[in-house]
Structures are given as C-alpha cells and as structure tokens.
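Structure first, then comments.
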Amino acid sequence: MKKGILLLVFVFLSYVGPAQILLGGKIGYGYFGILNDNSMGDKAYYSNCLDKFIVSIEAKQSTNHLINLAISLDYVNQSFSVESRWGGHGTNYLAVGDFSTGSLYFEFKPQFTFGNKIRYYFYPGFIFGTILHSLVDGTLKTSTIDTTGLINEMSQKKSSYFPSINFGFVFGMGVDIPLSSKVGLNVENNNNLLFGGPSWGSNKSSLYNLNILCGIFYKL
C-alpha cells in the first residue's frame, strides 16, 4: 500500500515536471452565511453577514498540463450580529452582540487549466485555518429560578465562541490574463464551506462564503 502511494506521488511529480511559478496578491469582497444545527433546541439568529474583506497571497504553477497546483494564504475580516438562546434545567442564557473577527486560512487547490495565452481554470480543494482576533460588543443575560436576569458583558476571548482550528472545502473558477511576458491579471470566484463556525450552547454552525477576488501575478 505504501509503495503504491509513493508510486502515485512520483508519477504526479514527473507529470507536473519543472514548472514556472506565478506569485501574486489578490484582494476581494464577499458574502458569507451561517448554517445552524439546532439539534438540542438551542436557537441562534445571525444578521448583517455581508461585511467580509479578503487579502490573499498566492503561488501557483504555470505549465501546459491540465492540472496545476495553487496554494494561498488568506486573511479574512468579517463581521456579524447574533442573538442566541440556550440553556435548561432552571438556567437560561440570552446572548446579543456584534462581532468583528480576523482569520487566517490556508488553501490547497489543484487547478484544472485550459487555454493558451488567456488561461481559464476551475478547482476543488481544501481549506483550513484559525481565528486570529475577535471584538465583541454585546451582553450575556443569565436567568435562573432565583433571579430574573443577571446581565454581563460578553467575553472577548475568541476561544469562547469559535473553534481553535477550522477546516472545510473550497471550490471556484477564474481566469489569468497576461499583461506582459512577466505580469498577469487574475479574476476569480472563490467559494468555500467551513465546518467550524461559532457555537452557542449545543448549537453548532458552519460557514459558507461566496467571494470575488482580483489580483496581479508575477512570473518568476
């Protein structure tokens, strides 16, 4: 089994061969939404999920082969509002707040490429990363049998509401347009599904992202 895997790796490397590398940066803006899993009856309502800004550094192969490889490092800033209720057995919680987060993601994207001078491509791939910082402006209300409601400021620790590591799938399509022998323009539609979104009580969530990116690449 191990020999078979090694053989596949060597066949792939020999297929790719020595390739020119395109190195560049992209910026973009997009929409993101949150999918909820309220299996235990906890409720979470999200709004204002339109504010997302992306800065990306990407390197990718440039060959005449059908499959090329691209990897990118993305910084994503996004904001949203939440109203969430959870609890039971005499204690209930109500969280209301506005979030602003900054996250760092790594994307691994085998690209299926077509065309000569103008190159079109699409890709499936993988994405994983972590949240770097979060700002919270809100309150957490705790109600018990003995109290009508104790209100505290929501914790600003990102680990309180977000997973330390997030992962998922990425897919998209784009076009590379040469501006000179060394410089090219890139326009791309990038979409992903992240399985580790914010959590409240037993409520778990996933994030889906729809992005448009534009950037400049330099051929090394």
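Tabulated results
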| item | result |
| --- | --- |
| Qualifying positions in the stretch 80-138 - small (G, A, S) and touching a His at 6+ places or on another chain (Cβ under 8 Å) | G102 |
| Qualifying residue in the stretch 78-88 (condition: surrounded by 14 or more Cβ atoms within 10 Å (Cβ to Cβ) and at pLDDT 95 or above) | no |
| Considering residues of the stretch 96-113 that are touching a residue at least 40 places away in the same chain (Cβ under 8 Å) and out of contact with any Gly (no Cβ under 7 Å at 6 or more places or on another chain) only, the residue farthest from K60 (Cα to Cα) | F99 |
| Qualifying positions in the stretch 78-107 - within 30 Å of D176 (Cα to Cα) and either more than 25 Å from the chain's Cα centre (by Cα) or polar (S, T, N, Q) (or both) | Q78, S103 |
| Residue selected from the stretch 44-64 under the condition surrounded by fewer than 14 Cβ atoms within 10 Å (Cβ to Cβ) and not hydroxyl-bearing (S, T, Y), by the criterion modelled with the highest pLDDT | N64 |
| Hey, Y121 in contact (Cβ under 8 Å) with a residue 12 or more places away in the chain, in a strand (DSSP E or B) and under 19 Å from F195 (Cα atoms) or not | no |
| Exclusive hit being closer than 21 Å to K219 by Cα, modelled with pLDDT of 85 or more and either among the hydrophobic types (A, V, I, L, M, F, W, C) or within 19 Å of the chain's Cα centre (by Cα) (or both), set Y123, Y75 | Y123 |
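Conditions tested, residue by residue: (1) exposed (fewer than 12 other Cβ atoms within 10 Å of the Cβ); (2) under 30 Å from I212 (Cβ atoms); (3) over 21 Å from the mean Cα position of the chain (by Cα); (4) modelled with pLDDT of 85 or more.
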position	(1), (2), (3), (4)
I145	yes, no, yes, no
M154	no, no, yes, no
K158	no, yes, no, no
N166	no, yes, no, yes
F171	no, yes, no, yes
V187	no, yes, no, yes
N191	no, yes, no, yes
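The values are calculated or read from the model by the stated rules, or taken from the named source; none is laboratory data. Owing to the predicted nature of the structure, the values given are computational and were not obtained by experimental measurement. Positions of Cβ are backbone-derived with ideal geometry, glycine not excepted, and every protein chain shown enters the neighbour counts.
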